[in-house]
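Notes to accompany the following structure.
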Amino acid sequence: MPEAPKYPMRINRYLALHKYATRRGADELIEQGRVSVNGRGAKIGELVQATDKIEVRSGKKPKTYAYAIYHKPWGVITHSPLPGLFPLGRLDKSSSGLLLLTDDGRVTDRLLNPDYAHDKEYVVSVREPLRSNFDRQMSAAVDIGDCVTRPCQVETINDHTFRIILTEGKKHQIRRMCATLHVDIVGLARIRIMNIRLGQLPLGTHRPLTATESSTFLKSLGL
């Protein structure tokens, strides 16, 4: 899992991380007097904290990105209803729930690569009543044929519904896990990705992420 930026850090690294310039270009901006820290002129090599106010005058502005969530209905193929934004990952046609949409290609691998182990939470409805040992069996490593899944968190909500939190995203993973345990799924909805929750967003609608949501999300990805 990528580490979040560590502070204090050199100001040229800070400017490079925030896409103002390369480290060498950042030093040039500082030499030109175009960078300030908390209202005073920056110095080459100085250390800055996350709480410092860094400003670059007439320099390259960091690229801005858009982030939104979409409540995908059951029976709809994964897509983005917003021009210019693409979905991060997929939900199969028979599933519903949260899709993250963005134009920020930086986050794709950091979110979808299973090596990073980010939480994704689902609520699943099943046809027959769940067995008393279902939570224990489902949360343990399950052999789904071509691999063994990671242990995960499972909580029975009622006789026909359970909640599951995965840190990997193999194709049709929950359906394959349930099939191995002879459990027939009738409904599957993703309700959370990391800190982003579906909440009460109506089916088939979308909304932009709040500033707090996007900030926390990007920080968790190390961006």
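Report note on the peptides 15-27, 81-93: ranked by the mean count of other C-beta atoms within 10 Å, highest first, their order is 15-27, 81-93. A simple charge model with +1 on the Cβ of Lys and Arg, -1 on the Cβ of Asp and Glu and nothing else charged puts the dipole of region 1-133 at about 320 debye relative to its Cα centre.
Could you give log10 I(q)/I(0) at q = 0.17 Å⁻¹ for region 108-185, computed by the Debye formula over C-alpha point scatterers of equal weight, without solvent? Result of the Debye calculation: -0.62. Taken over region 141-208, the ratio of Cα radius of gyration to 2.2 N^0.38 Å equals 1.25. With 26 Å as the limit on Cα-Cα distance, the pairs of Lys120/Lys219; Lys6/Lys170; Lys53/Lys120; Lys93/Lys170 that go past it are Lys6/Lys170; Lys53/Lys120.
What is the Cα convex hull volume of region 64-169 when expressed per residue in Å³?
It comes to 123 Å³ per residue, whole-number rounded.
For region 89-139, the spread of Cα coordinates along the three principal axes comes to 43, 24, 12 Å, biggest extent given first.
Across the options Leu99, Ala50, Ile77, the greatest Cα extent toward the positive end of the charge dipole of the chain (unit charges at beta carbon of Lys, Arg, Asp, Glu) belongs to Ala50. Report in % the part of the accessible area of the chain that belongs to carbon and sulfur, leaving out ligands and nucleic acids; probe 1.4 Å. Solvent-exposed carbon and sulfur of the chain make up 51 percent of the total. Database remark: amide H of Ile191 closer than 5 angstrom to the amide H of Leu98, Glu121, Tyr122, Val123 (H placed geometrically; neighbours at sequence offset of 5 or more, or on other chains; Pro and chain starts carry no H). Accessible surface for region 18-90, divided over its residues, is 62 Å² per residue with a 1.4 Å probe. Ile11 exposes around 0 Å² of accessible area when a 1.4 Å probe is run over every protein chain in place. According to the Kirkwood relation over distinct C-alpha pairs, the hydrodynamic radius of the chain is 19.9 Å. Remark: relative contact order (region 34-132) = 20 percent; criterion is Cα-Cα distance under 8 angstrom and separation of 6 or more residues. For Phe86, nonlocal amide neighbours, meaning residues 5 or more places apart or on other chains whose placed amide H falls under 5 Å from its own, are Thr102, Asp103. Length gained on full extension, Val76 to Arg57: 2.2 nm, using 0.36 nm per residue less the C-alpha separation. Calculated mean residue ellipticity, 222 nm, the chain: -5500 deg cm²/dmol, from DSSP H runs (n ≥ 4) at -39500 (n - 2.57) each, averaged per residue and rounded to 500. Here's the list of aspartates and glutamates a cross-link from Lys72 could span, going by alpha-carbon distance under 12 Å and ignoring same-chain residues fewer than 8 apart: Asp92.
Using heavy atoms of the protein chains and a probe of 1.4 Å, the accessible area assigned to His79 is about 70 Å².
Averaging the Cα positions of each part gives two centres, and for region 7-24 and region 145-162 these lie 43 Å apart. A viscosity of 0.890 mPa s and a temperature of 25 °C, combined with the Kirkwood radius over Cα pairs in Stokes-Einstein, give a translational diffusion coefficient for region 91-223 of 155 µm²/s.
Partner aspartates and glutamates whose Cα lies under 12 Å from the Cα of Lys43, excluding those fewer than 8 positions away in the same chain, are identified as Asp27, Glu28, Glu31.
The values are calculated or read from the model by the stated rules, or taken from the named source; none is laboratory data. Computed from a predicted model, the values in this text were never measured in an experiment. With ideal geometry, Cβ positions are generated from the backbone for all residues, glycine too; neighbour counts draw on all protein chains shown. Protein only, heavy atoms only, side chains kept; ligands, DNA and RNA dropped before computing areas. Shrake-Rupley method; radii C 1.70, N 1.55, O 1.52, S 1.80 Å.
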